[in-house]
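Engineer: I'd like to ask you about the structure that follows.
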Amino acid sequence: MFILKNVQYKAIIAVDELHIPAQKTTCIVGESGGGKSTLIRLLNQLISCDKGEIFYKNQPIHTLDPIQLRREVVMIPQAPVIFDGTVKDNLLIGLTFSGKPLAGENELTDVLTTVCLEKELAEPAGPLSGGEQQRLSLARALLMNPEVYIFDEPTSALDEETEKKVMDNVVGEVKRKRKTLIIVTHSKKVAQTYADVVIEMKNGSAATVKKGVKKNG
Amino acid sequence: MDEAIELGLWQMAAAYIFIVILYIILKAKGIPRDKELVISTFRMTVQLVLVGYILAYLIENNHVMWIILVIIIMQFFAVQNIVKRVKYPIHARLKRIIVISMVTGTLSSIFYFIIVVVQVTPWYEARYFIPIAGMMIGNSMTGVALGVQRLVAGVQEQKAQIEAALMLGATPKMAVKNIVNQAFDAAILPTINSMVGMGIVFLPGMMTGQILAGLSPITAIQYQVAIMLGIVGCVSLTVVMFVHFGYQAFFTERAQLCSGQKE
């Protein structure tokens, strides 16, 4: 899905070659400051690399319309962002942003079940806890049904039990739809359990890549 | 109509008593603002005396070139003032947008007002053109300065939210919609509010001046209403242009958020 060749970004990223396969779950692991978040920001084109080339579906990423690309390669940031309004508004805003038709109430409640969030659609989203906000932004991305999902530490605020439930459901659904999933995680457990491919980022500027197929989905 | 009473040297001197009293109070209370008071009073006096002579000259020797020069100087200082008033450093792209919106927004309003509303002939009649242009440019300057401040602050404070919207495929316009609306609101609100108190809380400067100069209050009010409407139009047009183009300065051509400030 993504191929990186000699990619450099400031002193943070220096990747010689990297493949991120389509329709697989790729986990990006490594210590803090290793460039994990920067790498996925490059994939979502929130930033552009200084040197080298990134290919998406074999096309150089800089030749693609960044907005169209982000509608296909949806990313959610490490710190969940909640927009003004209700739970429903927050679910629908991704579809609004990407110009897709809005979902019906049933679809919205289903996606809340998928992320194990027991909230009413009409509830204001502002007072939700950190973990609830994280699940709400996961649900928002799932609803958009893009080609590629990029999640930055999607379950960092969840307890182990909820993390497992949510990840089982989310990864299961993405796999069922045969989409590509990229997860940045510091949790070895998440990487071990869900990853088809593990990429390890190390030592700030230098990124060492380790590929290993853990299991097939 | 009676001519206005001309103030003689002693009468002018008597007015400065207010400053002397304030100076004594500041000194007595130990409030360290005495220097600013003296400098401000001095600057105000010198600037106004100079402007008085310049205006007298311009009105006597009315020429289109003088008026163009006046417009250029006014615009230059207005833009300088906007940049200075905003607490954040502003990068060249945003500055260009400020200049473009100030120049096109104010000039089109001024010319509409001079030619269509007041119907001054020739249009460059200094007695009309300079005060009207001054009021419109001055108010637009305040509006745009507030708008710039709100826009830059909004983008700084809501960076995470803007980026989260971009990550979901929002266009830059969608991602900053709320901030742009708030900036427009902040810029336009003082002008709209100023209309509410007019005539009750205070008598506007231009009207007061015309009444003092011996003009009938009815005529003075006609002018005041017209100029107030002109100011609202001029400020709105300038601010609309600024916010419409201004947000774009915060994004690269790859629709990535940049700070909008000096790198």
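Engineer: Of all residues in segment A:160-170, which are open to solvent by 10 Å² or more (accessible area, probe 1.4 Å) and either over 22 Å from A:SER37 (Cα atoms) or in contact (Cβ under 8 Å) with a residue 40 or more places away in the chain (or both)?
Structural biologist: A:GLU160, A:GLU161, A:THR162, A:LYS164, A:LYS165, A:ASP168, A:ASN169
Engineer: Can you tell me which residue within segment A:72-82, out of those that are in a loop (DSSP other than H, G, I, E, B) and open to solvent by 40 Å² or more (accessible area, probe 1.4 Å), is nearest to the other protein chains (Cβ to nearest Cβ)?
Structural biologist: If we take residues in segment A:72-82 being in a loop (DSSP other than H, G, I, E, B) and open to solvent by 40 Å² or more (accessible area, probe 1.4 Å), then A:ALA79 is nearest to the other protein chains (Cβ to nearest Cβ).
Engineer: Here is a list: B:VAL235, B:VAL148. Which entry is closer than 21 Å to B:PRO89 by Cβ, open to solvent by less than 40 Å² (accessible area, probe 1.4 Å), of a type outside the set (Gly, Ala, Ser) and in contact (Cβ under 8 Å) with a residue 60 or more places away in the chain?
Structural biologist: Among B:VAL235, B:VAL148, only B:VAL148 is closer than 21 Å to B:PRO89 by Cβ, open to solvent by less than 40 Å² (accessible area, probe 1.4 Å), of a type outside the set (Gly, Ala, Ser) and in contact (Cβ under 8 Å) with a residue 60 or more places away in the chain.
Engineer: Taking segment B:28-57, which residues are in a helix (DSSP H, G or I) and more than 22 Å from the chain's Cα centre (by Cα)?
Structural biologist: Hits for segment B:28-57 are B:ALA28, B:LYS29, B:ASP34, B:LYS35, B:GLU36, B:LEU37, B:VAL38, B:ILE39, B:PHE42, B:TYR53, B:ALA56, B:TYR57.
Engineer: Sort out which residues of segment B:179-195 are open to solvent by 30 Å² or more (accessible area, probe 1.4 Å) and either at pLDDT 90 or above or not small (Gly, Ala, Ser) (or both), and write them in order of number.
Structural biologist: B:ASN181, B:GLN182, B:PHE184, B:ASP185, B:ALA186, B:LEU189, B:PRO190, B:ILE192, B:ASN193, B:MET195
Engineer: Please count how many residues of segment A:55-71 are facing chain B (nearest Cβ under 8 Å) and within 26 Å of A:THR155 (Cβ to Cβ).
Structural biologist: The total comes to 2.
Engineer: Quick one: is B:LEU22 under 28 Å from B:ALA126 (Cβ atoms) and either out of contact with any helix residue (DSSP H, G or I) (no Cβ under 9 Å at 6 or more places or on another chain) or in a helix (DSSP H, G or I) (or both)?
Structural biologist: It is false that B:LEU22 is under 28 Å from B:ALA126 (Cβ atoms) and either out of contact with any helix residue (DSSP H, G or I) (no Cβ under 9 Å at 6 or more places or on another chain) or in a helix (DSSP H, G or I) (or both).
Engineer: Being more than 14 Å from chain A (Cβ to nearest Cβ), touching a Pro at 6+ places or on another chain (Cβ under 7 Å) and open to solvent by 10 Å² or more (accessible area, probe 1.4 Å) narrows it down to one of B:MET141, B:MET198, so name that one.
Structural biologist: Exactly one residue qualifies, and that residue is B:MET198.
Engineer: From the set of residues in segment A:7-54 that are out of contact with any strand residue (DSSP E or B) (no Cβ under 7 Å at 6 or more places or on another chain) and more than 19 Å from A:LEU69 (Cβ to Cβ), which is farthest from the other protein chains (Cβ to nearest Cβ)?
Structural biologist: If we take residues in segment A:7-54 being out of contact with any strand residue (DSSP E or B) (no Cβ under 7 Å at 6 or more places or on another chain) and more than 19 Å from A:LEU69 (Cβ to Cβ), then A:GLU31 is farthest from the other protein chains (Cβ to nearest Cβ).
Engineer: Scan segment A:121-141 residue by residue and report those that are surrounded by fewer than 18 Cβ atoms within 10 Å (Cβ to Cβ) and within 12 Å of chain B (Cβ to nearest Cβ).
Structural biologist: none
Engineer: Please verify whether segment B:248-255 includes one or more residues that are more than 22 Å from B:GLY143 (Cα to Cα) and not in a loop (DSSP other than H, G, I, E, B).
Structural biologist: Scanning segment B:248-255 turns up at least one residue that is more than 22 Å from B:GLY143 (Cα to Cα) and not in a loop (DSSP other than H, G, I, E, B).
Engineer: Return the residues of segment B:151-175 that are more than 12 Å from every other protein chain (Cβ to nearest Cβ) and either touching a residue at least 40 places away in the same chain (Cβ under 8 Å) or aromatic (Phe, Trp, Tyr) (or both); say none if nothing qualifies.
Structural biologist: B:LEU151, B:VAL152, B:ALA153, B:VAL155, B:GLN156, listed by residue number.
Engineer: Going through segment A:83-120 one residue at a time, which ones are part of a helix (DSSP H, G or I), over 21 Å from A:THR155 (Cβ atoms) and either of a type in the set (Lys, Arg) or open to solvent by 40 Å² or more (accessible area, probe 1.4 Å) (or both)?
Structural biologist: Correct list: A:LYS88, A:ASP89, A:THR96, A:GLU105, A:ASN106, A:GLU107, A:THR109.
Engineer: Going by the structure shown, is B:MET167 touching a Pro at 6+ places or on another chain (Cβ under 7 Å) and buried (at least 21 other Cβ atoms within 10 Å of the Cβ)?
Structural biologist: When the stated conditions are applied, B:MET167 passes them.
Engineer: Which condition number does A:GLY85 fail, the rest of (1) within 14 Å of chain B (Cβ to nearest Cβ); (2) under 18 Å from A:ILE20 (Cβ atoms) being met?
Structural biologist: (2)
Engineer: Hey, any hits in segment B:35-55 for a residue that's in contact with a helix residue (DSSP H, G or I) (Cβ under 6 Å, 6 or more places away or on another chain), touching a residue at least 24 places away in the same chain (Cβ under 8 Å) and not assigned by TED's automatic domain parsing to the domain that holds B:LEU215?
Structural biologist: Yes - at least one qualifying residue is present in segment B:35-55.
The values are calculated or read from the model by the stated rules, or taken from the named source; none is laboratory data. Source: prediction; values computed, not measured. Because the Cβ atoms are built from the backbone with ideal geometry, glycine has one as well, and the counts that use them run over all protein chains shown. Please note that ligands, DNA and RNA were not included when accessible areas were found on the heavy atoms of the full protein model with its side chains. Shrake-Rupley method; radii C 1.70, N 1.55, O 1.52, S 1.80 Å.
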